[in-house]
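Inspection log for the structure reproduced underneath, given as structure tokens.
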Amino acid sequence: MDMRVKPLLLFIVIFAAQKLLRLGLLLMAVAVFTFVLLSFSPIDPVKAYIGADMMQISPEQQVLIAERWGLDQPIGERFLDWLGQLVQGNLGTSLVFNQPVSEVIASRFQASLQMLAIAWLFSGLLGLALGITAGALQGRWPDRLIRFYAYTLASAPTFWVALLLLIIFAVSFKIAPVCCAAPPGVLSQNVTFWQRLHHLLLPAAALSIIGIANITLHTRQKLIDVLHSDYVLFARAQGESLWNIVRYHGFRNILLPAITLQFASLSELFGGSVLVEQVFAYPGLGEATVQAALRSDIPLLVGIVFFSALFVYTGNTLADLAYPVIDPRIRLGDSLT
Amino acid sequence: MLSISNLGVTFTQYNQGLRRKQLTVITDLDLDVQSGEVVAVVGASGSGKSLLAHALLGILPKNAAISGTMRFQGEMLTPKRCQSLRGKAIALIPQSVGYLDPLMKVGAQVQRVAQLTGCSKAEAKTGVDRTFTRYDLPMNVRDRYPFQLSGGMARRVLVSTAVVTKAQLVIADEPTPGLHPDVVKETLSHLRELATEGRGVILITHDIEAALQIADRVAVFYAGTTVEIAAARDFHSGNLRHPYTQALWRSLPQNEFMPVPGNQPSPEQLPTGCLFSDRCPWVSEICDAERPQLRKVREGWVRCVHAKG
């Protein structure tokens, strides 16, 4: 027993160290790029800070603020200064929300998370099911129907699908709310779970519909590859039926690429949520991103950039972790004797 | 128990535009197998050996059409009958470990094959135990994945897939290439054993030497047709009937090591007469006029008008 646990522990330690090192490098690169890009952007931090009160503040006072913030320092020094604060966990204060950036992100992400989770699960499961059906019945009418659906959705812009859903379900049928995360005029502590879910469902559906197309088409292609493999030919020679081939061999062999895709789709989902939340006026992280960008809220924007990098990286790491669990060739490959 | 006569396999293809093209890859293939014998099917790649196996199992691609007759245990082999027999009465031993699901444990795969013949789960399990014991496969091999098997073990596992089925006809498709001589010998002796138990075995190979070690009879395929069916002893005694078989025999290293000049005709441009006519030393006018019929000469079968009794 001891002999087996030791390599596993070592594996975990090495894996974690590698991942953390890469994450550090990634975040460093993100920091450099965001800082350089923002220094060259036309946004003047002092003006963005003062906002509408610009007229009441004399140029001398503006210079004083800039000096106090260290804006007169050379770019290298400014960067180090900023990085020092960042490392201590200080992301600054959001100008739009007048709250620490970390708090804004935390509360906004909580609202988005439920929507993202529903969309993620839904698109993954439905995409897998549709992809398997289409792949197994390649060339027959269910396959054509599913492919038509997938190609149409894959080429439809997210915001357009969101608007369409809004028109159909909220305006025509009136079974879904038009906007927001809760009914207007209700205090947040009085909102019930069902009301929350009711407001969540349409944005989540819009978001998942886009993801489904991608996963369906990939799953379909992978299953077709598997069905043309030698081991499926052999299974047919043993008298295995099509659905049992899918069940015993197809599913096993498409699971790995499907899971990779599923975790990689987190980034697309995150990007899609910016547009969807905007259309539904859903107060999530995506909507905060648009606000921050439109109103030159640099601290919040930078915070969100970091957070999304972390989010996507976590998704990919989870996919990496899933490989050895699913594929014995990866898990046992090294211990081959 | 198996007799195939005038089997033809034609693929319908669409090339650029929507022009339909008929590609005849097997023309006039004949073969018969009795229970308890090993019949080797030899021929170069593209001679239709593997397609014959796929036709027998009913696993040809959808665009393939079959002509001619195949009889198994006295009854015609229709596509429907193929479907119900495959895995039960007719079993395939595939070429390599690549024909096993890479993500499924070996024991589970062999057990699945047994279950497909109609066994219950428990029966299938004991069947696997019995077969693995018979082939000296340690019990822990059942929990391995195909990539963890050594070459010899993989061969024994693949033979096991046919043995658990109790199939009367076993088709081994190229079971020996790229293997260590000891493993080749072992695999061949396993196939011979299956015949001794009363099954019919078709050994598909391009290795005449290997085939002659265990086969009772040898069928030689050329460009999708049977040119000769000879007893294994006919090779050593110089009793061969067809010029192609003779040339093949001469090309072996221990004989004259003389390659057969020229190439097999491609299925796109088959000659109207004898398929071997363009490489044949005996060629004459009759050969180009029409395809020779398979006829009995000196206790064997040959498709050549010049072969003498």
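All of the numbers you see were taken from the coordinates with simple rules; none came from a lab. Only a predicted model underlies this, so the values are computations on that prediction, with no experimental measurement involved. Every residue, glycine as well, gets a Cβ built from its backbone with ideal geometry; the counts of neighbours run over all protein chains shown.
Pairs from the table (A:Lys222/B:Lys49; B:Lys88/B:Lys185; B:Lys185/B:Lys296; B:Lys88/B:Lys121; B:Lys80/B:Lys125; B:Lys88/B:Lys125) lying more than 21 angstrom apart at Cα are A:Lys222/B:Lys49; B:Lys88/B:Lys185; B:Lys185/B:Lys296; B:Lys80/B:Lys125. Expressed in units of 2.2 N^0.38 Å, where N is the residue count, the Cα radius of gyration of chain A is 1.24. Using modelled backbone amide H atoms (1.01 Å from N, in-plane), which distant-in-sequence or interchain residues come within less than 5 Å of A:Leu95's amide H? When sequence neighbours closer than 5 places are left aside, the close amide H contacts are A:Leu300. The helix-only estimate of mean residue ellipticity at 222 nm for chain B, built from DSSP H runs of length n ≥ 4 each weighted as -39500 (n - 2.57), is -9000 deg cm²/dmol after division by the residue total. With the biggest extent put first, the Cα atoms of the protein assembly as shown measure 120, 62, 51 Å across the principal axes. What angle do you read, to the nearest 10 degrees and between 0 and 90, between the alpha-carbon axis of helix B:151-163 and the longest principal axis of chain B? For helix B:151-163, the angle is close to 90 degrees. Angle of helix B:181-196 to the longest C-alpha principal axis of chain B, folded into 0 to 90 degrees and rounded to 10: 90°. The alpha-carbon of A:Lys19 sits under 25 angstrom from the alpha-carbons of these lysines, leaving out residues fewer than 8 places away in its chain: A:Lys6. With angles folded into 0 to 90 degrees, how steeply does helix A:193-227 sit against the dominant principal axis of chain A? Use alpha carbons for both and round to 10. That helix lies at roughly 50 degrees to the long axis. Amide H contacts under 5 Å for B:Gly300: none, restricted to partners 5 or more places along the chain or on a different chain, H placed in the peptide plane at 1.01 Å from N. When only Cα pairs below 8 angstrom with a gap of at least 6 residues are kept, chain B shows a relative contact order of 21 percent. Relative protection proxy for B:288-297, A:119-128, B:142-151, A:32-41, from highest mean packing down: A:119-128, B:142-151, B:288-297, A:32-41 (other beta-carbon atoms within 10 angstrom). Neighbouring Cβ atoms from other chains, within 10 Å of the Cβ of residues in B:50-57, number 1 on average.
Of the trypsin sites (Lys or Arg not before Pro) in the stretch A:138-187, the ones in a loop by DSSP (not H, G, I, E or B) with at most 13 other beta carbons within 10 Å are A:Arg140, A:Lys174.
Rounded to the nearest Hz, the phi-derived 3J(HN,Hα) couplings of the stretch A:244-253 under the Karplus curve 6.51 cos²θ - 1.76 cosθ + 1.60 (θ = phi - 60°) are 6, 5, 4, 5, 8, 10, x, 4, 3, 7, where x marks glycine and proline.
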